[in-house]
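Here's the structure we're looking at; comments come further down.
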Amino acid sequence: MHPATAIGRSFHTFPRTLELLNGPRGLVVVLLMAAALALPSLGVGFFLDDYAHLAALDGISPVAQPWNVYCFAPGDPQKLVQLIEEGPFPWFTRLDIRVQFFRPLSSATMWLDRWLFGDTAWPYHLHSILWYLAVLAAVGSLLRLVLPGTLGTLTLLVFAIAVTHWFPVAWWAHRNALVSCALGFGGLLGYVRWRETQWRPGVWLALSGFALGLLAGETTFSISAYIVAYELFAAPGTLTRRIGALVPVSMFAVFYLALYSGSGYGVHGTGCYINPLHDPLTYLAAAPQRFLILAANQFFSWPAEIPAMVPQMAWPSAAIGIAALVVIVLALRVLWRHLAPEERRGSRWLMIGGLMSIAPFLAPFTSGRLLMVSSLGGSVAIAIIIREGRRACSPRSLHVLARALIALHLILAPLAWLLLSPAFALLNRHVIHLSESVEIDDNRVTSQQVMLLSAPDPAIGIYTPAMRTHNGRPKPAAWRPLSVSPCDSTFTRTAPNAFELALDGEMLKTLPEQIARDAAAKLKPGDHLEFDSFGVTVLDAGKTGPKRIAFQFAKPLEDPAYVWLEWRDGRLRSFKPPPVGQSVLLKWTGPFRRIAGS
């Protein structure tokens with residue numbers, strides 16, 4: 001069947017289908033559909049950050065603990081020196097970098113996985129799917145309360161199969177988003193039911209949901225934006241009473257933020273995250289563009305990861321976001337009068353709440369996975385246009401828009417779920433294969449320092465030792481990525497124990513590199529970093545980072561204590577340093593050039 005024919009049939013059969021899905025039966029059908037779409041993720045396996053979490057759960061992480069697996073860098077210079085000396089952090093990492101999040105409840109669910117299932121990965125993913133179904137159950141129950149009828153049913157369907165939700169479900173490391181959303185939306189349900197019907201248990205459900213949700217992750221904090229929107233635009237009672245109801249919510253939020261930051265949690269020193277509390281001006285400067293990029297992802301399914309990985313695409317992506325917002329807002333203005341009064345009341349606060357909830361997610365680099373909370377409000381807007389845009393009295397342009405949204409959010413989105421998980425699993429198998437094919441001697445590597453001269457990207461350059469160790473390979477005495485920049489470089493031997501690396505480009509231009517160091521601590525010519533077993537001097541630098549670097553080691557480069565690796569012919573291969581005074585060109589070919597043949 002031609003795609004246009006499928007969309008046309010879907011367009012005309014929606015009313016009957018939605019009527020059949022009203023009530024509890026609709027929630028069950030949506031849950032079953034979401035479960036079916038998520039099942040292919042059982043084959044993904046462990047991927048990148050997962051290995052750091054497994055090490056924490058096994059008690060072998062140098063920085064994280066089983067109750068605190070989301071600690072990647074504690075902000076302790078002594079610990080960071082150890083992570084640079086022994087690996088896998090690159091030498092240019094800020095010594096005071098802090099990336100740690102307070103998520104003990106999510107950590108506990110992951111500890112349970114480890115205790116029950118060992119190294120068998122698929123039950124870990126099944127556990128994540130169950131948490132996602134809990135998210136949908138909470139959201140579905142909330143929509144039945146505030147958007148009864150076909151509009152609530154369609155909103156739940158759009159939300160449940162949103163392609164931006166796939167990644168948190170498929171990647172075990174994102175368990176925290178699912179747990180905190182399930183508990184946070186459950187708390188929101190209790191709060192709204194208490195305010196709407198005076199249902200007394202709702203108070204305790206709200207308190208426990210938000211308290212436990214915050215123990216699972218910061219994502220719950222953003223859900224409180226829906227409470228603010230509800231009280232301001234929909235709750236019963238006078239405006240004074242409704243504003244008064246926000247006082248305890250505001251006090252709780254301030255207390256949480258103060259405790260969170262005061263306890264040393266949060267992010268500092270990394271270029272992939274702007275802390276709005278510590279650097280509000282930089283946050284406010286970046287927020288509009290990031291908001292527009294996420295809007296493009298929410299409504300027009302333009303991946304927010306594109307500008308994060310290719311900075312030149314930031315403003316084109318933002319332009320798509322502007323177009324999306326203009327089209328959606330104009331359509332809602334035309335269709336708003338067709339909604340029943342109760343639908344307008346519920347839609348108003350849900351959409352405003354979704355808009356407000358996005359603020360915390362403008363701090364990290366743009367990614368569709370950040371939209372799980374705000375996509376509830378976005379799904380309401382999409383559902384209104386799809387349902388009302390098909391009316392005979394609607395302008396033809398709205399018919400076209402409704403068909404386009406059906407294609408994006410109800411046809412292509414579930415197909416993407418079914419295709420992305422196998423593709424993710426294929427990528428993961430390739431990365432594991434690359435980690436296993438490194439040219440090092442397992443019989444000697446425990447006493448050797450491995451130096452990566454041209455690691456193609458952080459996935460291979462930083463996570464390889466963790467993957468190898470988890471899969472039973474011996475751990476090197478040190479694993480040092482000297483460059484992970486995506487460009488050619490020239491290795492020049494300057495002394496028996498020293499060399500220079502000249503890049504055909506510069507460091508810290510890409511997001512993966514910027515994770516280790518922000519622009520506020522830019523490395524300049526003449527900067528020298530001294531570690532116990534090697535030293536680094538920046539000889540030349542560009543706008544973002546070093547272009548030519550001198551390395552000096554305690555022993556001659558040929559010493560058996562060292563293993564030198566370069567990325568060549570699709571894998572990390574042994575590199576023989578040239579004689580003093582000679583140079584070797586290190587070609588960068590990218591990590592996945594040979595994926596089809598691996």
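The values are calculated or read from the model by the stated rules, or taken from the named source; none is laboratory data. Everything quoted here is computed from the prediction, not taken from an experiment. Every residue, glycine among them, receives a Cβ derived from its backbone with ideal geometry; neighbour counts consider all protein chains shown.
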Sole residue being under 20 Å from the mean Cα position of the chain (by Cα) and either modelled with pLDDT under 95 or part of a helix (DSSP H, G or I) (or both), chosen from Phe11, Phe46, Phe72: Phe72
Selection within region 177-212 - surrounded by fewer than 24 Cβ atoms within 10 Å (Cβ to Cβ) and in contact (Cβ under 8 Å) with a residue 60 or more places away in the chain: Leu212
Given (1) modelled with pLDDT of 95 or more; (2) in contact with a strand residue (DSSP E or B) (Cβ under 9 Å, 6 or more places away or on another chain), index of the condition Ser533 fails: (1)
Selected residue (criterion: surrounded by the most Cβ atoms within 10 Å (Cβ to Cβ)) from residues of region 323-373 that are touching a residue at least 24 places away in the same chain (Cβ under 8 Å) and of a type in the set (Lys, Arg): Arg369
Selection from region 421-447 of residues that are hydroxyl-bearing (Ser, Thr, Tyr), part of a helix (DSSP H, G or I) and more than 21 Å from the chain's Cα centre (by Cα): Ser435, Thr446, Ser447
Residue check, Ile411 of a type in the set (Val, Ile, Thr), out of contact with any Lys or Arg (no Cβ under 8 Å at 6 or more places or on another chain) and surrounded by fewer than 18 Cβ atoms within 10 Å (Cβ to Cβ): yes
Residues being within 19 Å of Leu57 (Cβ to Cβ), in a helix (DSSP H, G or I) and small (Gly, Ala, Ser) - total across region 117-165: 1
Number of the condition not met by Thr490 [criteria: (1) in contact with a Phe, Trp or Tyr (Cβ under 9 Å, 6 or more places away or on another chain); (2) hydroxyl-bearing (Ser, Thr, Tyr); (3) modelled with pLDDT of 95 or more]: (1)
Subset of region 441-462 (residues that are closer than 18 Å to Lys576 by Cβ and buried (at least 20 other Cβ atoms within 10 Å of the Cβ)): Val445, Gln449, Val450, Met451, Leu452, Leu453, Ser454, Ala455
Number of positions in region 86-118 that are more than 27 Å from Ala363 (Cβ to Cβ), charged (D, E, K, R) and at pLDDT 95 or above: 2
Sole exception among (1) within 17 Å of Gly545 (Cα to Cα); (2) touching an Asp or Glu at 6+ places or on another chain (Cβ under 7 Å); (3) crowded, with 19+ Cβ neighbours inside 10 Å for Asp518, by number: (2)
Residue under evaluation Arg391, criteria (1) part of a helix (DSSP H, G or I); (2) more than 17 Å from the chain's Cα centre (by Cα); (3) surrounded by fewer than 18 Cβ atoms within 10 Å (Cβ to Cβ), criterion not met: (1)
Residue under evaluation Asp96, criteria (1) more than 30 Å from Ala36 (Cβ to Cβ); (2) crowded, with 21+ Cβ neighbours inside 10 Å, criterion not met: (2)
Residue among Leu418, Leu398 that alone is modelled with pLDDT under 95 and in a helix (DSSP H, G or I): Leu398
Cβ pairs under 8 Å, 6+ apart, first in region 429-453 and assigned by TED's automatic domain parsing to the domain that holds Thr464 and farther than 12 Å from Arg571 by Cβ, second surrounded by fewer than 12 Cβ atoms within 10 Å (Cβ to Cβ) and hydroxyl-bearing (Ser, Thr, Tyr): none
Residue match in region 215-238 (condition: farther than 22 Å from Ile352 by Cα, touching a helix residue (DSSP H, G or I) at 6+ places or on another chain (Cβ under 6 Å) and part of a helix (DSSP H, G or I)): yes
Single condition Pro476 does not satisfy, out of (1) in a helix (DSSP H, G or I); (2) more than 21 Å from Lys587 (Cα to Cα); (3) outside the structural domain of Ser41 (by TED's automatic domain parsing): (1)
Residues of region 223-232 classified as within 21 Å of the chain's Cα centre (by Cα) and either at pLDDT below 95 or buried (at least 24 other Cβ atoms within 10 Å of the Cβ) (or both), total: 2
Some residue of region 270-282 being in a helix (DSSP H, G or I) and either under 19 Å from the mean Cα position of the chain (by Cα) or crowded, with 17+ Cβ neighbours inside 10 Å (or both): no
Region 25-43, residues that are touching a residue at least 40 places away in the same chain (Cβ under 8 Å) and either surrounded by fewer than 17 Cβ atoms within 10 Å (Cβ to Cβ) or touching a His at 6+ places or on another chain (Cβ under 6 Å) (or both): Met33, Ala35, Leu39, Ser41, Leu42
Region 305-322 residues that are not assigned by TED's automatic domain parsing to the domain that holds Gln289, paired with ones that are among the β-branched types (Val, Ile, Thr) (beta carbon under 6 Å, 6 or more apart): none
Count of region 534-550 residues which are surrounded by fewer than 19 Cβ atoms within 10 Å (Cβ to Cβ), among the β-branched types (Val, Ile, Thr) and closer than 15 Å to Glu506 by Cβ: 0
